[in-house]
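Structure, as structure tokens:
The values are calculated or read from the model by the stated rules, or taken from the named source; none is laboratory data. In this text, all values refer to a predicted model and were calculated from it rather than measured experimentally. Please note: Cβ atoms are built from the backbone with ideal geometry, for glycine as well, and neighbour counts cover all protein chains shown.
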Amino acid sequence: MSKVTRRGFLGGTAALGGAAVTAGFTASAALAGTSGDPPFGPVVVRPGDPRYDDLTVRRTNHRFRPRPDYFHVVGSTEQVVAAVDEAVRAGRRVTVRSGGHCYEDFVGDGAQVVIDMCEMSEVYFDEERGAFAVEAGATLMEAYRTLYLGWGVTIPGGQCGGVAAGGHIAGGGYGPLSRRDGLTVDYLHAVEVVVVDRAGRARAVVATRNPADPNHDLWWAHTGGGGGNFGVVTRYWMRDPKAKGGDPARLLPRPPAQVLSGAAYWPWDGMTKQSFRRLLRNYAEWHQRNSVPGSPQASLWGSLLITGRKEGGSQPGGIVLPAQVDAGVPGAEKILRDHFAAVGEGVTPEVGVTPIQRNPWFEAVRSNSLGAAAESGRYKGKSAYLRKPFTDEQADVAFDALGEMTSNGLVWLLAYGGRVNTVPSAATATVERRSILKVIHLVTWDEGQDEAAPLEWVRLLHQRTFAATGGVPVPGGNCGGAYINYPDVDHADPAWNTSGVPWSTLYYGDNYARLQRAKARWDPRDVFHHALSVRPPT
């Protein structure tokens with residue numbers, strides 16, 4: 001039986017359907033292991049050990065391959081403290097990895113010690129804190145499964161089930177339920193972080209949402225400040241800040257009982273530049289009209305996936321819009337069909353729609369999750385928030401660029417807004433609370449293929465899309481900056497960012513100064529850093 005299941009169920013009694021749950025595990029017990037079992041590890045894996053090569057490829061972006069002096073695979077908070085303390089005393093550069101899904105080389109770049117969190121993957125209810133604990137190495141799919149099967153609740157996290165909580169939550173976290181329920185960090189109750197003081201000593205700190213908590217600024221920094229900035233996150237505690245009482249089944253959102261899902265699609269054959277403009281405008285305008293928090297339409301989530309038109313890609317190119325809606329809202333099927341019709345209005349060729357399917361919520365999550373195969377490979381991604389539709393000029397840039405690329409290049413527009421935008425910008429480190437869509441520019445290539453051409457393609461696509469603001473999505477107008485969980489080092493490169501606006505403003509806006517103060521307090525030696533890490537204030 002997996003560790004996740006053991007803590008989720010054997011620690012007490014659980015009943016589906018909202019009955020009270022009693023979990024026999026507390027925060028202190030969690031630190032020492034469960035049910036009297038010793039914790040995993042620690043395990044130190046060096047070059048020459050057959051496990052070393054396996055650990056170097058435990059990531060999704062195969063562009064990067066960490067080759068540290070050793071990997072330190074840990075199983076408890078105390079082990080993390082000891083591992084960090086040892087590395088710092090030895091003067092070794094230390095990085096941390098939870099799921100290994102970083103767009104950039106933040107784990108491997110110059111690392112001499114990689115702390116691997118994969119064996120800290122417990123998900124359980126903590127009676128002492130009255131919140132659900134999710135360890136940093138737990139994947140989103142593990143968290144969804146245990147929270148739902150144990151208590152009928154969930155968190156509004158991402159669609160990629162293999163992503164681990166460690167980096168996902170620290171960067172903000174969003175997914176198919178975010179328009180209805182908000183961001184993952186909007187439910188962050190507390191966080192445990194191993195930090196290093198000015199004397200070089202490592203220790204574990206728990207920081208909470210409570211403004212009176214002397215460690216509150218460390219909690220705030222992990223509500224969208226990004227991973228690898230302040231210390232090593234070992235666990236999060238999740239709870240709805242508006243929830244009352246102690247019944248675990250009422251402390252996080254309950255997902256839809258069932259979802260309706262389908263997809264609209266348009267072939268490239270017959271698609272003109274004018275129709276493409278209309279398609280992108282229709283899609284964004286639907287979200288402008290239908291993002292009222294609490295409305296039935298806010299329970300709809302979809303993503304417009306537009307792949308290259310040039311023949312020769314790994315899959316046929318085209319335009320597809322998969323979407324889903326809570327089957328329990330009034331007129332759910334009509335909402336879904338009206339959405340497809342509105343996006344396709346005035347577009348040629350005419351929209352095609354797949355049959356609508358009804359599935360239990362968790363089955364839909366598993367079916368729609370991007371699995372390991374879809375998430376791995378060699379790729380370069382770039383992101384932006386959209387507050388308003390793309391201009392015609394921006395749509396034309398995408399149309400022209402996609403004509404030069406096979407299906408290995410894509411433009412992806414993901415639904416956003418709704419309840420996400422009800423939270424003040426300063427309440428969490430996630431500053432952008434005005435957007436209706438997220439944009440991903442992405443390109444992939446095969447092993448052995450020269451990366452120069454695909455890299456140039458995606459860089460020019462992004463630069464030309466935001467040419468009016470120096471090649472990057474400067475907040476203002478129809479843009480809202482970029483998403484730190486989709487990091488792009490080009491945003492800090494003056495060759496690609498000619499806006500005069502620093503990368504930190506793109507990702508953090510006015511919240512950056514507060515993040516710098518947290519950095520100075522909690523990581524005064526700048527032990528934890530990477531190409532886009534929060535810099536100590538000067």
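Exactly one residue among 502, 536, 454 is at pLDDT below 95 and either within 25 Å of residue 114 (Cα to Cα) or not basic (Lys, Arg) (or both), and that residue is 536.
Let's see how each residue does on (1) assigned by TED's automatic domain parsing to the domain that holds residue 439; (2) out of contact with any Gly (no Cβ under 7 Å at 6 or more places or on another chain):
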site: 470; (1), (2): yes, no
site: 474; (1), (2): yes, yes
site: 491; (1), (2): yes, yes
site: 496; (1), (2): yes, no
site: 521; (1), (2): no, yes
site: 524; (1), (2): no, yes
site: 528; (1), (2): no, no
site: 531; (1), (2): no, yes
site: 537; (1), (2): no, yes
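Suppose the filter is at pLDDT 95 or above and within 14 Å of residue 223 (Cβ to Cβ); does residue 191 pass it? Here the answer is yes, as residue 191 does meet what is asked. Here residue 67 passes the criteria (1) surrounded by 22 or more Cβ atoms within 10 Å (Cβ to Cβ); (2) at pLDDT 90 or above; (3) within 20 Å of residue 489 (Cβ to Cβ) except the one numbered (1). Within the range 112-138, if we keep just the residues that are β-branched (Val, Ile, Thr) and crowded, with 24+ Cβ neighbours inside 10 Å, the residue that is nearest to residue 237 (Cα to Cα) turns out to be 134.
Counting the residues of the range 218-273 that are within 24 Å of the chain's Cα centre (by Cα) and of a type in the set (Lys, Arg) gives 4. Output the number of residues of the range 45-91 satisfying the condition of being outside any helix (DSSP H, G or I) and of a type outside the set (A, V, I, L, M, F, W, C). Residues that pass the stated criteria total 20. The single condition from (1) within 24 Å of the chain's Cα centre (by Cα); (2) without any contact (Cβ under 8 Å) to a residue 60 or more places away in the chain that residue 92 fails is (1).
Within the range 315-336, being part of a helix (DSSP H, G or I) and without any contact (Cβ under 8 Å) to a residue 40 or more places away in the chain holds for 334, 335. The selection criterion, being more than 22 Å from residue 298 (Cβ to Cβ) and of a type in the set (Gly, Ala, Ser), does not hold for residue 415.
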